[in-house]
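Asks: One structure follows; several queries about it will come next.
The values are calculated or read from the model by the stated rules, or taken from the named source; none is laboratory data. Everything numeric here is computed off the predicted structure, so don't read it as measured data. Cβ placement follows ideal geometry from the backbone for every residue including glycine, while neighbour counts extend to all protein chains displayed. What goes into the accessible areas is simple: the full protein's heavy atoms, side chains included, and nothing from ligands, DNA or RNA. Shrake-Rupley method; radii C 1.70, N 1.55, O 1.52, S 1.80 Å.
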Amino acid sequence: MSNSKHIEFNSARAIDWAWKVNTAHVNCDAVQIKSALMDLTKPVYVASSAAGLGVTDKLESSTENNSTDVLAFAQQLNPEDLGDDAFKKQHGVKYAYHGGAMANGIASVELVVALGKAGFLCSFGAAGLVPDVIEESIKRIQAELPNGPFAVNLIHAPAEEALERGAVERFLKLGVKTVEASAYLGLTEHIVWYRLAGLSENSDGNVNIGNKVIAKVSRTEVGRRFMEPAPQKLVDKLLSQGKVTPLQAELSKRVPMADDITAEADSGGHTDNRPFLTLLPTIIALRDEVQAQYNFSPALRVGAGGGIGTPESALAAFNMGAAYIVLGSVNQACVEAGASEHTRKLLAGVEMADVTMAPAADMFEMGVKLQVVKRGSMFAMRAKKLYELYVNYDSIEAIPVDEREKIEKQIFRSNLDDVWGGTEAFFSERDPEMLARAQSNPKRKMALIFRWYLGLSSRWSNIGEKGREMDYQIWAGPSLGAFNSWVKDTYLEDYTRRNAVDVALHLLKGAAYLQRVNQLKLQGVTLSTELASYHCE
């Protein structure tokens, strides 16, 4: 820019551009400025001369005439430039974008592989799956992505501890290098075991972190646990069990429990419905506080998830300091997701108000809720009814006859005694300890029977169970409605054309484009509404 005779950036000098073709004092039209801004690989200079206003990607060409003034410019900004470089380097990805885990394999092998091959990190939705299925899926991913990048979800399962323990056993056996920890209310020995089992000491004395953790949190008290070193009590327990070495126990004092913290706002599935405009800065401030205390190297990174479904929200997250963004609900409607065609078609029509909260299967007894689609499904209403019965009665036998007959006919479509028989068979293989506790506790037995419906309703949605469409449990947040509104009248409105990589690139390209628009605006440039927004093409 030093080659320019006169360059003035004055935000007080507002330039009103209508960009109308054939306007005498403007020598470039909407097509020209749009084309210049869309080419993210080149800077855009706005200049005035005797010929009028114009745009160019080369400063020299705009300053050949000494009377030319450069009034504003937008820097080169590619999708891969957004976000934290350390995140991209550590996870071996091109983009600061994470496809978040969606349980029961909705974040499928195909979704993980497609995004991974394009330079995006994605977590396989292992939650809710038995260890054998998890192992088989990981092997398929490793065959396609031998050098990554990929992550696998580890969900807190207080009601089914055996599943959490079994998942970690498989992760360590198969050499899974990154897990996405979700729904944690506090640290467990299993997530600590995974973290510590990957610690070693480099020749220079620094700690090598072999097992990376991305923790999704929506509460500061949980976030703090993942930002600090592992609790000594759990470290000592693992040491006494021989699961970690004395060196790993010692090294654990020098590293946080997670490498990345995702501030999970109003998302699909498990959520506290936090707005990310308040949650993200709060979690970043907490990270800064913990970092000042421990001085970790490298420092923890904070990303943003939940509520992101448009270029505007993606850019907002980055501009607020997010190291990366996480998307889940939007990806569930993509062709690679492990959801049935009926579900994906339904998701493509969801609006922002078409979601509600309903009891969660995995934490039913605790009253934990998750966010689901209410449009085209009666699952939420029926699940809430079951939870009301669970709260009000101590056993199946205590439920009034008319109420029992109603739920048998309308919800279970089966006698509850038969449902219990199937539940016994299921948990005898999945978690015998839980079954034993339920057999001696009528209240727990009732919970397992009700969880039969809550658990199967998600599976019905994934496989497209005929006749059960009104019972489909479909996890989604309001960001999906925002995404659907954004892509209306574009090729991505068609759910059969929604490829996860296309979606991710459009969101990031859109965020980069809008950032360039904002740079011009800050220098006094006024663009038409059409030019100030990004549309899929």
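Asks: Determine whether the stretch 528-535 contains at least one residue that is under 30 Å from residue 110 (Cβ atoms) and either assigned to a loop (DSSP other than H, G, I, E, B) or out of contact with any helix residue (DSSP H, G or I) (no Cβ under 7 Å at 6 or more places or on another chain) (or both). Let's see the steps before the verdict.
Replies: Quick first cut of the stretch 528-535, residues under 30 Å from residue 110 (Cβ atoms) only: 534-535.
Narrowing further to those that are either assigned to a loop (DSSP other than H, G, I, E, B) or out of contact with any helix residue (DSSP H, G or I) (no Cβ under 7 Å at 6 or more places or on another chain) (or both): 534-535.
Within the stretch 528-535, one or more residues are under 30 Å from residue 110 (Cβ atoms) and either assigned to a loop (DSSP other than H, G, I, E, B) or out of contact with any helix residue (DSSP H, G or I) (no Cβ under 7 Å at 6 or more places or on another chain) (or both).
Asks: Could you list, in sequence order, the residues of the stretch 497-520 that are in contact with a Leu (Cβ under 7 Å, 6 or more places away or on another chain), over 19 Å from residue 82 (Cα atoms) and surrounded by fewer than 20 Cβ atoms within 10 Å (Cβ to Cβ)?
Replies: none
Asks: Of (1) more than 39 Å from the chain's Cα centre (by Cα); (2) in a helix (DSSP H, G or I); (3) modelled with pLDDT of 55 or more, residue 61 satisfies all except one. Which?
Replies: (3)
Asks: So the check is Cβ under 9 Å with 6+ separation or different chains; which pairs have a first residue in the stretch 411-424 that's in contact (Cβ under 8 Å) with a residue 24 or more places away in the chain and under 17 Å from residue 395 (Cβ atoms) and a second one that's open to solvent by 40 Å² or more (accessible area, probe 1.4 Å) and not in a loop (DSSP other than H, G, I, E, B)?
Replies: Correct list of pairs: 412/418; 412/452; 416/404; 419/452; 420/445; 420/452; 423/445; 423/452.
Asks: Can you find a residue in the stretch 352-365 that is out of contact with any strand residue (DSSP E or B) (no Cβ under 9 Å at 6 or more places or on another chain) and more than 20 Å from residue 266 (Cβ to Cβ)?
Replies: yes
Asks: Now for a different question. Being more than 22 Å from residue 88 (Cα to Cα), open to solvent by 30 Å² or more (accessible area, probe 1.4 Å) and in a loop (DSSP other than H, G, I, E, B) is the filter here, so list the residues in the stretch 205-224 that pass it.
Replies: 219, the sole residue that qualifies.
Asks: Enumerate the pairs (first residue in the stretch 447-469 and without any contact (Cβ under 8 Å) to a residue 60 or more places away in the chain and outside any loop (DSSP other than H, G, I, E, B); second residue anywhere and of a type outside the set (A, V, I, L, M, F, W, C) and buried (at least 19 other Cβ atoms within 10 Å of the Cβ)) with beta-carbon separation below 7 Å, excluding pairs fewer than 6 apart on the same chain, so at least 6 apart or on different chains.
Replies: 448/423; 449/423; 452/423; 460/471; 460/472
Asks: Continuing with this model, one more query. Would the stretch 64-71 turn up any residue that is surrounded by 13 or more Cβ atoms within 10 Å (Cβ to Cβ), at pLDDT 95 or above and in a loop (DSSP other than H, G, I, E, B)?
Replies: no
Asks: Taking residue 292 as meeting all but one of (1) within 23 Å of residue 352 (Cβ to Cβ); (2) assigned to a helix (DSSP H, G or I); (3) hydrophobic (A, V, I, L, M, F, W, C), write down the number of the exception.
Replies: All conditions pass for residue 292, except number (1).
Asks: Are there any pairs, at least 6 apart or on different chains, whose C-beta atoms fall under 8 Å, with the first in the stretch 108-126 and closer than 12 Å to residue 331 by Cβ and the second open to solvent by less than 10 Å² (accessible area, probe 1.4 Å) and among the acidic types (Asp, Glu), and if so, which?
Replies: What qualifies is 123/180.
Asks: Related question: Just for strands (runs of 3 or more DSSP E) wholly inside the stretch 314-422: which have at least 2 residues that are open to solvent by 20 Å² or more (accessible area, probe 1.4 Å)?
Replies: Values: elements: 325-327, 355-359, 369-373.
Correct list: 355-359.
Asks: Which of the residues spanning the stretch 256-277 are among the hydroxyl-bearing types (Ser, Thr, Tyr) and modelled with pLDDT under 95?
Replies: 267, 271, listed by residue number.
Asks: Here is a further query. Suppose we filter the stretch 275-288 for residues that are without any contact (Cβ under 8 Å) to a residue 60 or more places away in the chain, open to solvent by 60 Å² or more (accessible area, probe 1.4 Å) and in contact with a helix residue (DSSP H, G or I) (Cβ under 9 Å, 6 or more places away or on another chain); how many remain?
Replies: 1
Asks: Here is a follow-up. Please verify whether residue 239 is modelled with pLDDT of 95 or more and either in a helix (DSSP H, G or I) or surrounded by fewer than 17 Cβ atoms within 10 Å (Cβ to Cβ) (or both), treating the condition exactly as stated.
Replies: yes
Asks: Does any residue in the stretch 297-313 that is crowded, with 24+ Cβ neighbours inside 10 Å and at pLDDT below 95 come within less than 7 Å, Cβ to Cβ, of a residue that is among the acidic types (Asp, Glu) and not in a loop (DSSP other than H, G, I, E, B) six or more places away or on a different chain, and which pairs are these?
Replies: 306/264
Asks: Continuing with this model, one more query. Taking the stretch 481-496, which residues are out of contact with any strand residue (DSSP E or B) (no Cβ under 8 Å at 6 or more places or on another chain), in contact (Cβ under 8 Å) with a residue 12 or more places away in the chain and either part of a helix (DSSP H, G or I) or open to solvent by 40 Å² or more (accessible area, probe 1.4 Å) (or both)?
Replies: Answer for the stretch 481-496, where residues must be out of contact with any strand residue (DSSP E or B) (no Cβ under 8 Å at 6 or more places or on another chain), in contact (Cβ under 8 Å) with a residue 12 or more places away in the chain and either part of a helix (DSSP H, G or I) or open to solvent by 40 Å² or more (accessible area, probe 1.4 Å) (or both): 482, 483, 484, 485, 486, 491, 492, 493, 494, 495, 496.
Asks: Among the acidic types (Asp, Glu) and open to solvent by less than 10 Å² (accessible area, probe 1.4 Å): does that describe residue 471?
Replies: yes
Asks: Working only within the stretch 432-446, note down all residues that are over 14 Å from residue 159 (Cβ atoms) and outside any helix (DSSP H, G or I).
Replies: 440
Asks: Can you say whether residue 452 is at pLDDT below 95, under 26 Å from residue 333 (Cα atoms) and aromatic (Phe, Trp, Tyr), as far as the supplied structure shows?
Replies: Yes.
Asks: Another question, then. I'd like the residue in the stretch 497-527 that is in a helix (DSSP H, G or I) and of a type in the set (Val, Ile, Thr) and, out of all such residues, is nearest to residue 35 (Cα to Cα). Spell out how you get there, then give the answer.
Replies: Let us first name the residues in the stretch 497-527 that are in a helix (DSSP H, G or I), namely 497, 500-522.
Among the residues that remain, those that are also of a type in the set (Val, Ile, Thr) are: 501, 503, 517.
Working: 501: 23, 503: 21, 517: 13 Å.
If we take residues in the stretch 497-527 being in a helix (DSSP H, G or I) and of a type in the set (Val, Ile, Thr), then 517 is nearest to residue 35 (Cα to Cα).
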